[in-house]
Amino acid sequence: MQLEAPRPLLAPKQLDAVVIGGSYAGLSAAMQIARGRRAVAVIDAGRPRNRFAAASHGFFGQDGVAPAAMIAAAREKLAAYPNVRLVADETVDASGQDGAFTVELASGSTLKASKLVLATGVADTLPDMPGLAERWGVSVLHCPYCHGYEFGGAPLGVLATSPHCVEKALMISEWGPTTLLLNGQPMPHEGMLAKLAWRGVTVEQAPVQALEGEGQALDAVMLADGRRLALTALYLTPRMAMASPLAERLGCAFEDGPFGRIIATNAMKATSIAGVFAAGDAARTTHNATWASADGVTAGAALHRSLIFEGLDAA
Ligand SMILES: Cc1cc2nc3c(=O)[nH]c(=O)nc-3n(C[C@H](O)[C@H](O)[C@H](O)COP(=O)(O)OP(=O)(O)OC[C@H]3O[C@@H](n4cnc5c(N)ncnc54)[C@H](O)[C@@H]3O)c2cc1C
């Protein structure tokens, strides 16, 4: 049977959708829209959050694959659809309303679309400490499910950045003997100290001055009182901020998460602004590639259905 080609995308005056951010969330959203035979462009600046890690862990069928390779494979699959345009560029502005959005790119191009997906991710703000930033994603980590198995049984540290650090230390001790480095955060109350002791977690009050080790590996942290504490990996929860101001520009509502603001969405990943959907780290409190991708699928399918059913309502 001859398939009828989806609507062409060579120079469409108006796209059905523009997806801003082309990583786990954005490419997953675009795939649903593409398979719905609608015209979609994905704009991506090429800075996925886990670009610092050599391997990504835990994603269905892709455990241990390099983030760049995962994203390249997803892009290749999408590029096979004639109704998809992949654009390597930064979106500098987005404006308009449902049915008529304008997206401006750093290169000076402008795209027009009926609907938008924001899949722009978050940016991590790391503690300012000598030796820390250069080890991010290798031996300084945020998530033990992503990067914990590889350090099983080794001496591990949790650098306190907020009161949530106590829970993190209780959890990290599942992977190896753990020291909670308070680094100026208040001493946990007695009940928590008892739980930490029960999990075998040592609490260290002396501030951390620097991280040491060969290359990006970690051997130890230097404490302000001159002691050297041997550690193989250090876990922390960074402060997070939107990687892009576009959601704010469009007027989307936000909600407070434990580690920073996120774009408020309903169960179908629609934002407070009609026609704008949001997916991935920017629009959820728990973060990994699988959840980001699943969000993208939800947003893409919901966006596609809105194109069908809103059209019917207007008929
Ligand atoms: C060090 C580290 C290691 C991690 N390891 C793992 C792991 O092993 N397994 C796992 O499941 N998760 C891991 N994660 C979490 C994972 O990286 C995120 O949950 C996931 O990347 C979120 O996907 P996303 O699509 O929402 O955002 P991102 O992957 O951050 O992608 C956002 C994309 O949007 C683009 N963008 C932003 N603004 C604009 C703009 N204005 N115009 C155009 N493009 C724009 C960016 O350049 C980027 O490509 C790790 C995170 C970190 C920090």
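Here is a list of conditions, (1) more than 22 Å from Y149 (Cα to Cα); (2) surrounded by 13 or more Cβ atoms within 10 Å (Cβ to Cβ), and R199 meets all of them except one; can you say which number that is?
The single condition R199 does not satisfy is (1).
Residues in segment 23-30: is at least one part of a loop (DSSP other than H, G, I, E, B), in the same structural domain as L246 (by TED's automatic domain parsing) and of a type outside the set (A, V, I, L, M, F, W, C)?
Going residue by residue through segment 23-30, those that are part of a loop (DSSP other than H, G, I, E, B) are 23.
Those left that are additionally in the same structural domain as L246 (by TED's automatic domain parsing): 23.
Okay, now just the ones that are also of a type outside the set (A, V, I, L, M, F, W, C), so 23.
Yes: segment 23-30 contains one or more residues that are part of a loop (DSSP other than H, G, I, E, B), in the same structural domain as L246 (by TED's automatic domain parsing) and of a type outside the set (A, V, I, L, M, F, W, C).
Which of the residues that make up segment 78-93 are under 15 Å from K112 (Cβ atoms), in contact (Cβ under 8 Å) with a residue 60 or more places away in the chain and among the β-branched types (V, I, T)?
T91
Within segment 239-249, which residues are touching a strand residue (DSSP E or B) at 6+ places or on another chain (Cβ under 6 Å) and of a type outside the set (K, R)?
Selection gives M240, A241, A243, L246, A247.
What strands (runs of 3 or more DSSP E), lying completely within segment 38-125, carry at least 2 residues that are near the ligand (Cβ under 9 Å from one of its atoms) and over 27 Å from Q14 (Cα atoms)?
Working: elements: 40-44, 84-88, 91-97, 100-105, 110-118, 122-125.
Ranges flagged: 122-125.
Show the residue pairs that are 6+ apart or on different chains and have beta-carbon atoms under 8 Å apart, the first residue being within segment 25-43 and more than 23 Å from A282 (Cβ to Cβ), the second being of a type in the set (F, W, Y).
R35/Y81
Within segment 278-315, which residues are open to solvent by 50 Å² or more (accessible area, probe 1.4 Å) and away from the ligand (no atom under 13 Å from the Cβ)?
Matches in segment 278-315: R305, I308, F309, E310, L312, D313, A314, A315.
Find all pairs meeting these conditions: Cβ atoms under 7 angstrom apart; at least six residues apart or on different chains; first residue within segment 240-255 and free of Cβ contacts under 8 Å to residues at least 24 places away in the same chain; second residue of a type outside the set (S, T, N, Q) and assigned to a helix (DSSP H, G or I).
Hits for this filter: zero, empty list.
Identify, from the list G275, G251, G213, the residue that is touching a helix residue (DSSP H, G or I) at 6+ places or on another chain (Cβ under 8 Å), closer than 14 Å to L116 by Cα and more than 16 Å from the ligand (Cβ to nearest atom).
G275
Using the structure shown, decide if G157 is open to solvent by 10 Å² or more (accessible area, probe 1.4 Å) and out of contact with any His (no Cβ under 9 Å at 6 or more places or on another chain).
It is false that G157 is open to solvent by 10 Å² or more (accessible area, probe 1.4 Å) and out of contact with any His (no Cβ under 9 Å at 6 or more places or on another chain).
Determine, yes or no, whether E174 is of a type in the set (D, E) and out of contact with any strand residue (DSSP E or B) (no Cβ under 9 Å at 6 or more places or on another chain).
yes
The values are calculated or read from the model by the stated rules, or taken from the named source; none is laboratory data. Fair warning: this is a prediction, and the values are worked out from it, not measured in the lab. In this analysis, Cβ positions are derived from the backbone assuming ideal geometry, glycine residues included, and neighbour counts consider all displayed protein chains. Side chains are part of the model used for accessible areas, which takes the heavy atoms of the whole protein and leaves out ligands, DNA and RNA. Shrake-Rupley method; radii C 1.70, N 1.55, O 1.52, S 1.80 Å.
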